[in-house]
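Below is one structure, written out as structure tokens; the observations come after it.
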Amino acid sequence: MTPPSPTPAGDFVRIVEVGPRDGLQNEKAQVATADKVELIDRLTRTGLLSIEATSFVSPKWVPQLADAAEVFSAIHRRPGTAYPVLVPNETGYDRARAVGVEEVAVFTAASEAFNRKNINASIDESIERFRPVLARAANDGIRVRGYVSTVLGCPYQGDVPLTDVVRVAKQLHALGCYEISLGDTIGVGTPHKAADMLKAVAAEVPMAALAVHFHDTYGQALANLLACLDVGVRVVDAAVSGAGGCPYAKGASGNVASEDVVYLLHGLGLRTGVDLDLLADTGRWLAARLGRETGSRVGKALAAAA
């Protein structure tokens, strides 16, 4: 399978929906496998082109996603839509490939302290762990996406030097990741810092190979996203209903809500191919399943206006 063509720097923005994986992985109450499958199928019907389905990490570390194989095998995959899954190593890669996965994602951080706390390894050690995955994926024709977390701050070391962010992103791209997602995992970034970070990385990695991933801990996610759109990014990670968080960062709230992102993008005259009403319905459905209100302001507003 050939890698996708670079994202055009035009009026189309591809949203990578991370709710089924990044959104659900921190839920303490077990979410039923059938609900996870229905969530992904509902998201597929909205027109999203990339839906991160699950994670093939050890169930010991992420028990919520222990049913990864069952979920991926049961979803109705639409031609033209990507369903990437997270894999930490060759064991995860083998499990993913056994159920027909065609795109995987690997992850590390720009912060040494965060990596140590998160996966008990240095940045370089984490990259060595998934280097064989990238080699095998290249041989198998499998696309690989790379995540770099803590790009705008770390709960343990504080500020993260831009040089570290650039170095890690450049390494992942050189190893074969077709796209690098730059994540403000704890949501401490502000617009100027976000734009400066993106510019620094884009000086070494093509903008068409970059995505941004913002959490909304301090209410800055949409402002940061707008600043990065102005710089030229055209791929955005988001989670329906604003689900998610960071288990290693106290107080870090969920990802920016996909509904709010779509509303912003459409208001800017940018295209997403996403049906906002269906997406908002899905966000409210998920929130009800999780026993709370949707974390999307747009989702709440559309419900009130109906």
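Every read-out reported here was derived from the displayed coordinates using simple, explicitly stated rules and does not represent laboratory data. Note that the coordinates shown come from a computational prediction; the quantities given were computed from them, not determined experimentally. Here the Cβ is made from the backbone with ideal geometry for all residues, glycine too, and neighbour counts use every protein chain on show.
Less than 11 Å Cβ to Cβ from V85, Lys/Arg counted +1 and Asp/Glu -1: what total charge do the surrounding residues give? That sum, taken over residues with Cβ under 11 Å, equals +1.
Tell me whether the range 210-306 comes out rounded, prolate or oblate; compute the Cα gyration tensor, take square roots of the eigenvalues as a ≥ b ≥ c, and use a/c under 1.5 as the rounded threshold. It is oblate, given that a/c is not under 1.5 and a/b is not larger than b/c. Peptide packing for 24-30, 292-298 was compared via the average number of neighbouring C-beta atoms within 10 Å per residue; ordered from the highest value, the list is 292-298, 24-30. Computed from the Cβ-Cβ distance with R0 of 30 Å, the FRET efficiency linking H266 to H76 stands at 0.70.
Seen through its C-alpha gyration tensor, with square-root eigenvalues sorted a ≥ b ≥ c, the range 1-153 comes out rounded because a/c lies under 1.5. Modelled label positions at D230 and D94, each set 7 Å beyond Cα in the direction of Cβ, lie 5.0 nm from each other. In terms of its C-alpha gyration tensor, the chain has a rounded overall shape, because the principal axis ratio a/c (a ≥ b ≥ c, square roots of the eigenvalues) stays below 1.5. Using a simple spin-label model with pseudo-atoms 7 Å out from Cα toward Cβ, D159 and N26 lie 2.5 nm apart. Summing Lys and Arg as +1 and Asp and Glu as -1 over all other residues whose Cβ lies under 10 Å from the Cβ of D22 gives a net charge of -2.
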